[in-house]
Amino acid sequence: MDKARVISLFIGVVRAKSFSQAAVDAGLTPQAVSKAVRQLEDHLGVRLFHRTTRSLSLTDEGSRLFELANPGLRLLDEALDQIQNSKLEVDGLIRVAAPMSIGISIIVPLLREFQERYPGAHFDMQLDDHFTDLVESKIDVGFRAGSPPERNLVSRKLGEIMLLTCAAPSYIDRHGMPKKVADLGNHRCTGFRQPNTGRLLPWELQVDSATVYLDAPAVASFNTVEGELTAVLNGVGIGQIPVFMIERELASGALVPLLTSTITENNGVFMYYQQRTQMPMRVRHFIDFVAERAPGRLQAQRKAVNASKGR
């Protein structure tokens, strides 16, 4: 016996004062409702109703059960209504996962503007360069660089990543500036080690309209782009860094662009989320907001490079 179902039908009969009306309210036949109430009576070993062809009234045991069960069912109804209505509310928590570089440079700066529109929205940011499983980590929206997720997810491309070879003025003062790609073999370079695989990623360069990959001689490698960027800024070596992370450094002269004809834009920034129709409204608004605002942030990369070349 489904206790929750039969008690719900019992309370429906009491409220409607009729088996027939309770059946209409529940979308059942009067016979089905009557059978459910008899099951409840048999289970409890008591009669719950005095029934005649003209009247229906509760027994003492029926009155007591109604008094005890009705408040609980009302609370359950209210809880279900609140959850159903929450789909239409923008207030609440949004859980976001992103690599450190994308999260800090692109997503976090957008949070203030989003919360100005929707002050009741709150964020739990998980910044990690590993690919995040949305279901396992209970994440609403994820971001990643490179290629779109291959799993059963909705993926939206926000823009391309410009990879720029650059160095600090202090490094150039000590070691000079490479004039061509072949010169990189004689320089001190930094590298990025992919967190999921531990593999040192080759540099990606555009040479004569073709993309070539170079195993640069890394004197220091890092598992975060932020670590590599800090090393480059401190003159440890030449690095290849996403432009969206270094626009201010290029504008201030803290970093000098090198071999600018080799810049590539083969990788993108992707937003991904689960395929579901019953998405909370706050998550839907955030997805639409990022899709509207983030592409402009990425499009600004080329202006930053061009401005730094003219310094």
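The values are calculated or read from the model by the stated rules, or taken from the named source; none is laboratory data. All of these numbers come straight from a predicted model, not from anything done at the bench. With ideal geometry, Cβ positions are generated from the backbone for all residues, glycine too; neighbour counts draw on all protein chains shown.
Within region 219-240, being among the β-branched types (V, I, T), crowded, with 21+ Cβ neighbours inside 10 Å and either modelled with pLDDT under 95 or in a loop (DSSP other than H, G, I, E, B) (or both) holds for one residue alone: V225. Within region 1-53, restricting attention to residues that are acidic (D, E) and outside any loop (DSSP other than H, G, I, E, B), the residue that is nearest to A69 (Cα to Cα) is E41. For first residues located in region 236-248 and under 13 Å from T262 (Cβ atoms), partners that are among the β-branched types (V, I, T) and assigned to a strand (DSSP E or B) and lie 6+ apart or on another chain with Cβ distances below 6 Å form the pairs Q240/T165.
Applying the criterion of being part of a strand (DSSP E or B) and in contact (Cβ under 8 Å) with a residue 12 or more places away in the chain to the residues of region 54-73, the residue that is farthest from F10 (Cα to Cα) is L56. On the given criteria, is F270 surrounded by fewer than 21 Cβ atoms within 10 Å (Cβ to Cβ) and of a type in the set (F, W, Y)? So F270 fits the description; yes. Looking only at residues in region 50-107 that are of a type in the set (K, R) and within 30 Å of S137 (Cα to Cα), the one that is modelled with the highest pLDDT is R95.
A single member of A251, A210, A216 is of a type in the set (G, A, S), crowded, with 19+ Cβ neighbours inside 10 Å and at pLDDT below 95, and it is A216.
Restricting to region 255-305, give me the number of residues that are farther than 21 Å from P109 by Cα, under 13 Å from the mean Cα position of the chain (by Cα) and either in a helix (DSSP H, G or I) or not polar (S, T, N, Q) (or both).
Qualifying residue count, region 255-305: 2.
Of the residues making up region 160-173, those that are modelled with pLDDT of 95 or more and either farther than 19 Å from E228 by Cα or in contact with a Lys or Arg (Cβ under 9 Å, 6 or more places away or on another chain) (or both) are Y171, D173.
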